[in-house]
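**Student:** Pasting in a structure now, in structure tokens, and then I'll have a few things to ask.
Readers should treat all values here as calculations from the given coordinates under stated rules, not as data from a laboratory. Since we're looking at a predicted model, the values are computed, not measured. For neighbour counting, all protein chains shown are included, and Cβ atoms are generated from backbone atoms with ideal geometry for every residue, glycine included.
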Amino acid sequence: MAWYGFAPLEQPLTPDTPTWWSPEAHARRRGYLVARGAIKASLRAWFASEGFTETECGQLQASPGNEAHLHGFETDFIAENGARTPLYLNTSPEFAMKKLIAAGETRIFDFARAFRNRETGLRHAPEFTMLEWYRVGEGIDTVMADSAALARAAAEAAGTGMLAFRGAVCDPFAAPEVLTLTDAFARHAGIDLEPVLTDAAGLAAAARKEGVETAPGASWTDVFSAVLVTRIEPQLGQGRLTILHRYPICEAALSRPYPEDPRFAERFELYACGIELANGYRELTDAATLRARQIAEMDLKQQVYGERYPLDEDFIAAVAAMPEASGVALGFDRLVMLAAHASQISDVIWTPVPLGARP
């Protein structure tokens, strides 16, 4: 294993912080960037050993995604005659990759450039790399195992052997903790989730009793997210990986419901050091249900933000033609950040988007 001579950022960012391309800033970050390349090579080798084909999905698409709180970058295609067609930078390669599955691919992965508005900070960047993969004919347990294996491979390739972030540590070689959402709410927030699965006021009252305040009339999703972010996520992936699964069906728009309990979806997330690394599904292939869910999400987006995105009709048609599959989207920059023990996501991105004084 190699060690890349990382030099963690010890001082907070200020207006005087050197820009990322200054020799001083680049020298501080270069070890992380070299580690990024080693990690990418290791993960590519892992996928090759599993019989995957690497894709290169385009970044322009008809819709950036149809989740209410997901925000895309919009542009126009201008034809020779001046006619304009609105297009969006992709927020993930999911729509394109599912079309490839419908076309006949069975095991694919992509280190895809992705773009999201309204996202910045120590763990977020408006332009980032999404590692996404799909297995046709295999269940969610298999891609859960994939996610843990990739975390181990990243820590090994970085030469650190552990995932770490700002004082939190996680051993990816230990057996992961596997926790349902119901158990997580009970254990970490003191809330019995099942009786209030469709009761926004009831969930808000339970959250308030445990000290989590939300705005009057907040939606079920908003209350759920507030509890998840403030009480549950910081407890996950501490010491070992956590796989959080069996999400309420309303929190998994592109996932199949469990046949034995359709209130919950075959969705999971992987956590390390309190940070979400990956989000996976057993994929929904019911086009009518998909359309209804996406319209509902866009109705909510219109209500909250005053805008909506078009549906990608080709994507909906491809979902109807897809075989059964499971897939995962993993934040590659976040995984590198934790494996290399960096203190912020911009440390592991070669050319961060210029946002004021950020390096």
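**Student:** May I ask for the Kirkwood hydrodynamic radius of the stretch 192-260, worked out over all distinct Cα pairs and given in angstroms to one decimal?
**Tutor:** Evaluated over the stretch 192-260, this radius sits at 13.3 Å.
**Student:** Hand me the GluC sites (Glu not before Pro) from the stretch 175-282 located in a DSSP loop with no more than 15 other Cβ atoms within 10 Å, in residue order please.
**Tutor:** Glu210, Glu213, Glu260
**Student:** Rg to Rh for the chain: what is it, with Cα atoms only and Rh by Kirkwood?
**Tutor:** Rg/Rh for the chain comes to 0.96.
**Student:** Rounded to the nearest 20 Debye, what is the dipole magnitude of the stretch 84-156 about its Cα centre when Lys and Arg each give +1 and Asp and Glu each give -1 at the C-beta?
**Tutor:** 340
**Student:** Comparing Ile295, Ile78, Ile39, which has the greatest mean-square fluctuation in the GNM of the chain with Cα pairs linked when under 10 Å apart?
**Tutor:** Highest fluctuation among the options: Ile78.
**Student:** Along the three principal axes, how long is the stretch 85-193 when you take its alpha carbons, biggest first, rounded to the nearest angstrom?
**Tutor:** Result, largest extent first: 48, 41, 36 Å.
**Student:** If the only charges are +1 at each Lys and Arg Cβ and -1 at each Asp and Glu Cβ, what is the size of the charge dipole of the chain around the Cα centre, to the nearest 20 debye?
**Tutor:** The dipole magnitude comes to about 780 debye.
**Student:** Helix-only mean residue ellipticity at 222 nm, the chain, DSSP H runs n ≥ 4 weighted -39,500 (n - 2.57), per residue, nearest 500. What is it?
**Tutor:** Result for the chain: -10000 deg cm²/dmol, rounded to the nearest 500.
**Student:** Once the stretch 169-288 is represented by equal point scatterers at the alpha-carbon sites, with solvent omitted, what log10 I(q)/I(0) does the Debye formula produce at q = 0.12, 0.15, 0.20 Å⁻¹?
**Tutor:** Here log10 of I(q) over I(0) equals -0.44, -0.69, -1.12.
**Student:** I would also like to ask the following. Just the ratio, please: alpha-carbon radius of gyration of the stretch 157-230 over 2.2 N^0.38 Å, N its number of residues.
**Tutor:** Output field value: 1.44.
**Student:** Between Asp171 and Gln303, what length comes free when the chain is fully extended (0.36 nm per residue of separation minus the Cα-Cα distance, one decimal in nm)?
**Tutor:** Length gained between Asp171 and Gln303: 43.3 nm.
**Student:** Treat the count of other C-beta atoms within 10 Å as a stand-in for reagent exposure and order His26, His245 from fewest to most.
**Tutor:** His26, His245
**Student:** If contacts are Cα pairs under 8 angstrom and at least 6 residues apart, what is the relative contact order of the stretch 55-168 in percent?
**Tutor:** Relative contact order comes out at 21 percent.
**Student:** Turning to a different aspect of this structure: Run the numbers for Thr198 and Asp286: contour at 0.36 nm per residue of separation, minus the present Cα-Cα distance, in nm.
**Tutor:** Working it through step by step, the gained length comes to 29.4 nm.
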